[in-house]
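Okay, structure first, notes after.
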Amino acid sequence: MASLATILRAGGLPLLEARILAAHALQVPRVWTHAHENDDIDAQQQAAIELLFARRRKGEPVAYLTGEREFYGLSLQVTPAVLIPRPETELLVELALERLGEIPSEHPCVLDLGTGSGAIAIAIASVLAANRPGATVSACDASEAALAVARANAARHGVPVRLLCSDWFAALGDERFDVVVANPPYIAGQDPHLEQGDLRFEPRSALVADEGGLGCLRAIAETARAHLQTGGWLLMEHGYDQGEPCVQLLERLGYAQVSDRRDLSGNPRVVQGRFDPAAARR
Ligand code: GLN
């Protein structure tokens with residue numbers, strides 16, 4: 001029998017990752033692994049821990065191994081069918097909530113396009129449920145497997161999100177929204193980052209877009225004009241080097257008050273623009 005301390009240090013992983021994975025295998029909170037380092041671990045449990053360590057050494061993301069990732073203070077289920085929620089995407093939630101705060105309607109409608117795990121829609125819905133009970137949050141994804149994860153996450157947090165299977169706006173008829181948000185795929189197909197780290201294991205359909213990474217951003221910005229209320233806002237996450245092209249795209253399409261915001265790392269990350277056909281003609 002080996003002690004937990006020995007197993008953790010023999011894993012060939014950063015100690016924090018080793019603790020997260022061991023805690024998951026043992027079904028205990030991570031803090032337990034600090035208090036019980038000198039405990040002997042039985043052979044079956046040791047094998048379960050070492051299996052996770054071996055998968056991690058081959059590159060599998062920690063979030064897929066534990067099936068969990070925290071986003072906006074909410075613990076979310078994740079599977080390889082969905083992109084792992086990123087901290088920088090919390091900026092998109094913050095900005096969407098700011099723009100919603102400026103919408104006077106008693107019944108503001110929000111749409112999250114390509115929702116994946118549901119992270120963005122559920123974070124927004126959890127805030128609105130407390131502050132704007134008349135609001136509705138819709139979310140769509142083209143992948144049924146992703147929608148199943150989003151459905152489980154919405155149920156886990158008890159927030160009402162209307163989930164639809166839709167390729168961007170395709171299933172939305174002539175519906176219009178006050179705020180449309182999206183974290184679409186925006187990485188160019190030849191980007192070497194795709195062969196590194198977690199990205200190797202995430203769905204390519206959630207990562208890669210044509211037109212050098214701008215294809216989905218462009219398609220969404222074009223079509224969103226038919227699905228925004230006058231005065232409504234489009235907000236999209238984009239790559240660190242896509243701030244300028246995104247601002248130009250929205251301006252060319254006639255959006256007003258276009259601006260780009262930086263994430264906590266200082267990278268341009270979210271473009272926002274207002275659908276205002278009258279302003280566009282002036
Ligand atoms: N932000 C992710 C990354 O660069 C990509 C997510 C996306 O394409 N929307 O790792």
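Those residues that are of a type outside the set (A, V, I, L, M) and modelled with pLDDT of 95 or more, I need them from segment 110-131; list them, please.
Result: ASP112, GLY114, THR115, GLY116, SER117, GLY118, SER126.
Answer with yes or no whether THR89 is of a type in the set (S, T, N, Q), closer than 21 Å to SER166 by Cα and in contact (Cβ under 8 Å) with a residue 12 or more places away in the chain.
Here the answer is no, as THR89 does not meet what is asked.
For segment 92-109, how many residues meet the condition of being within 22 Å of SER75 (Cα to Cα) and either crowded, with 19+ Cβ neighbours inside 10 Å or not aliphatic (A, V, I, L, M) (or both)?
Here the count works out to 5.
Filter segment 212-252 down to the residues that are away from the ligand (no atom under 16 Å from the Cβ) and exposed (fewer than 15 other Cβ atoms within 10 Å of the Cβ), then identify the one that is nearest to PRO104 (Cα to Cα).
THR230
Tell me which strands (runs of 3 or more DSSP E) are completely within segment 40-155 and hold 3 or more residues being out of contact with any Pro (no Cβ under 6 Å at 6 or more places or on another chain) and within 25 Å of ARG176 (Cβ to Cβ), or say none if there are none.
Filter on segment 40-155 gives 109-113, 136-141.
Tell me yes or no: at least one residue of segment 204-215 is more than 26 Å from GLU251 (Cα to Cα) and at pLDDT 95 or above.
Looking for residues that are more than 26 Å from GLU251 (Cα to Cα) and at pLDDT 95 or above, one finds at least one in segment 204-215, hence yes.
Looking at the structure I just gave you, is ARG19 farther than 30 Å from LEU147 by Cβ and without any contact (Cβ under 8 Å) to a residue 40 or more places away in the chain?
yes
Looking at ASP141, is it within 16 Å of the ligand (Cβ to nearest atom), under 29 Å from GLN242 (Cα atoms), surrounded by 16 or more Cβ atoms within 10 Å (Cβ to Cβ) and of a type outside the set (S, T, N, Q)?
Against the criterion (within 16 Å of the ligand (Cβ to nearest atom), under 29 Å from GLN242 (Cα atoms), surrounded by 16 or more Cβ atoms within 10 Å (Cβ to Cβ) and of a type outside the set (S, T, N, Q)), ASP141 qualifies.
Just to verify a result, which residue in segment 250-270, among those that are outside any loop (DSSP other than H, G, I, E, B) and of a type in the set (S, T, N, Q), is farthest from LEU228 (Cα to Cα)?
Going through the qualifying residues, I end up with SER259.
Restricting segment 257-280 to residues that are over 19 Å from the mean Cα position of the chain (by Cα) and crowded, with 17+ Cβ neighbours inside 10 Å, which is farthest from PRO104 (Cα to Cα)?
VAL258
Condition first: under 25 Å from GLY213 (Cβ atoms) and either assigned to a helix (DSSP H, G or I) or basic (Lys, Arg) (or both). Now tell me which residues in segment 156-196 satisfy that.
PRO192, HIS193, LEU194, GLU195
Can you tell me which residue is farthest from GLN229 (Cα to Cα) among those in segment 177-211 that are more than 8 Å from the ligand (Cβ to nearest atom), among the charged types (D, E, K, R) and surrounded by fewer than 18 Cβ atoms within 10 Å (Cβ to Cβ)?
Checked segment 177-211; the qualifying residue farthest from GLN229 (Cα to Cα) is GLU195.
The values are calculated or read from the model by the stated rules, or taken from the named source; none is laboratory data. Computed from a predicted model, the values in this text were never measured in an experiment. Glycine gets a Cβ as well: all are built from the backbone with ideal geometry, and neighbour counts include every protein chain shown.
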